[in-house]
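The values are calculated or read from the model by the stated rules, or taken from the named source; none is laboratory data. What you are looking at is a predicted structure, and each value in this text was computed from that prediction instead of being measured. Every residue, glycine as well, gets a Cβ built from its backbone with ideal geometry; the counts of neighbours run over all protein chains shown. Surface accessibility is based on the protein's heavy atoms, side chains included, excluding ligands, DNA and RNA. Shrake-Rupley method; radii C 1.70, N 1.55, O 1.52, S 1.80 Å.
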Amino acid sequence: MGNKVALVTGGLGGIGSEISRKLSSNGYTVVATTFNKEIEKSDEWIVAQKKAGYDFLVEEADVTSFEACGEMVKRVEDTVGPVEILVNCAGITRDGFLKNMDESNWDAVLSTNLDGVFNMTKSVLDFMLSRQSGRIINISSVNGQRGQFGQTNYSAAKAGMHGFTMALAQEVARKGITVNSVSPGYIATNMVMAIDEEIRNDLVSQIPMQRMGKPTEIANTVGFLASDQADYITGANIPVNGGLFTSF
Ligand code: NDP
């Protein structure tokens with residue numbers, strides 16, 4: 001394991017696992033975080049990754065809890081090392097037309113996908129500021145850029161991440177910290193495979209490249225943003241969506 005630490009929330013998930021692998025390959029000690037309290041699941045993941053040649057640490061914290069995030073970050077700083085990279089990748093969907101959406105589905109998505117970014121970023125920021133160095137990478141979504149039928153909650157949260165990214169990037173640009181977001185299109189993970197097959201096929205037919213993205217394609221972008229090659233990039237959003245949504 002390297003001595004620079006990367007913290008990846010949702011690090012055991014479909015995209016998070018590949019981001020963890022990429023950052024590990026790039027020499028970081030990776031702490032992947034989970035909300036799942038079933039120790040066996042984390043252990044299974046650690047063992048599977050080890051078999052594939054990756055050595056990871058796992059920490060548990062609910063990103064919706066400011067207190068839990070603060071305690072977890074402090075624990076990592078004290079026992080593992082300085083957090084150089086934070087990847088905010090934890091996220092959920094609770095889809096439904098607004099007409100039928102109850103408050104709990106709105107709250108769950110906003111608190112996980114948006115408050116979670118505040119809770120984690122605020123927890124690492126003082127440490128990064130004290131070292132005048134850091135990278136914050138927020139995994140947003142194409143649907144935060146363009147909106148999506150049945151996802152008012154998710155689109156609002158993911159669009160909010162862009163606003164957060166642009167504002168914080170300006171606040172910390174002189175402090176050696178960059179803040180960027182990556183907006184995946186449809187990536188073949190459990191989150192997307194849970195969508196009804198007919199709807200999924202229809203979604204793919206709308207993608208100019210006519211296929212879903214791979215988690216590694218998101219991880220490669222994160223790896224780039226985390227590297228020295230991206231020193232001058234901040235406040236940016238990098239779309240990785242097969243042409244599904246284009247803008248400038
Ligand atoms: P997964 O469901 O595989 O991963 C999501 C992760 O979020 C899980 O590992 C889960 O952790 C974690 N998580 C959920 N709630 C909490 C919580 N309260 N506290 C801490 N962690 C939590 O989905 P993906 O890998 O597909 O998605 C990763 C990110 O990419 C998400 O932010 C998603 O919105 C975004 N994205 C995904 C796209 C896709 O097509 N797949 C497209 C665009 C964006 P655990 O289960 O370990 O507790």
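For the reader, a short list of remarks on this structure follows.
- Among the residues of the stretch 180-190, those that are within 6 Å of the ligand (Cβ to nearest atom) and open to solvent by less than 80 Å² (accessible area, probe 1.4 Å) comprise Pro184, Tyr186, Ile187, Thr189.
- The residue of the stretch 1-28 that is farthest from the ligand (Cβ to nearest atom), among those that are surrounded by 21 or more Cβ atoms within 10 Å (Cβ to Cβ) and among the polar types (S, T, N, Q), is Ser24.
- For Gly134: the one exception among (1) in contact (Cβ under 8 Å) with a residue 24 or more places away in the chain; (2) more than 16 Å from the ligand (Cβ to nearest atom); (3) open to solvent by 10 Å² or more (accessible area, probe 1.4 Å): (3)
- Residues that are part of a helix (DSSP H, G or I) and within 12 Å of the ligand (Cβ to nearest atom), drawn from the stretch 222-248: Val222
- Test: residue in the stretch 148-165 that is touching a Gly at 6+ places or on another chain (Cβ under 8 Å), open to solvent by 30 Å² or more (accessible area, probe 1.4 Å) and in a loop (DSSP other than H, G, I, E, B): no
- The criterion of at least 2 residues that are touching a helix residue (DSSP H, G or I) at 6+ places or on another chain (Cβ under 6 Å) is met by the following helices (runs of 4 or more DSSP H) wholly inside the stretch 10-100: 14-25, 66-79.
- Failed item in (1) outside any loop (DSSP other than H, G, I, E, B); (2) open to solvent by 50 Å² or more (accessible area, probe 1.4 Å), with Met209 passing the rest: (1)
- When Val31, Val63 are checked against the criterion of being of a type in the set (A, V, I, L, M), more than 12 Å from the ligand (Cβ to nearest atom) and buried (at least 17 other Cβ atoms within 10 Å of the Cβ), a single residue qualifies: Val31.
- The residues of the stretch 39-54 that are more than 20 Å from the chain's Cα centre (by Cα) and within 20 Å of Arg75 (Cα to Cα), listed by number, are Ile39, Asp43.
- Considering the stretch 212-235, the residues that are in contact with a helix residue (DSSP H, G or I) (Cβ under 7 Å, 6 or more places away or on another chain) and open to solvent by 20 Å² or more (accessible area, probe 1.4 Å) include one that is nearest to Gly150 (Cα to Cα), namely Met212.
- The set of residues in the stretch 72-120 that are more than 14 Å from the ligand (Cβ to nearest atom), more than 14 Å from the chain's Cα centre (by Cα) and surrounded by 15 or more Cβ atoms within 10 Å (Cβ to Cβ) comprises Val76, Glu77, Val80, Gly81, Pro82, Val83, Glu84, Gly96, Met101, Trp106.
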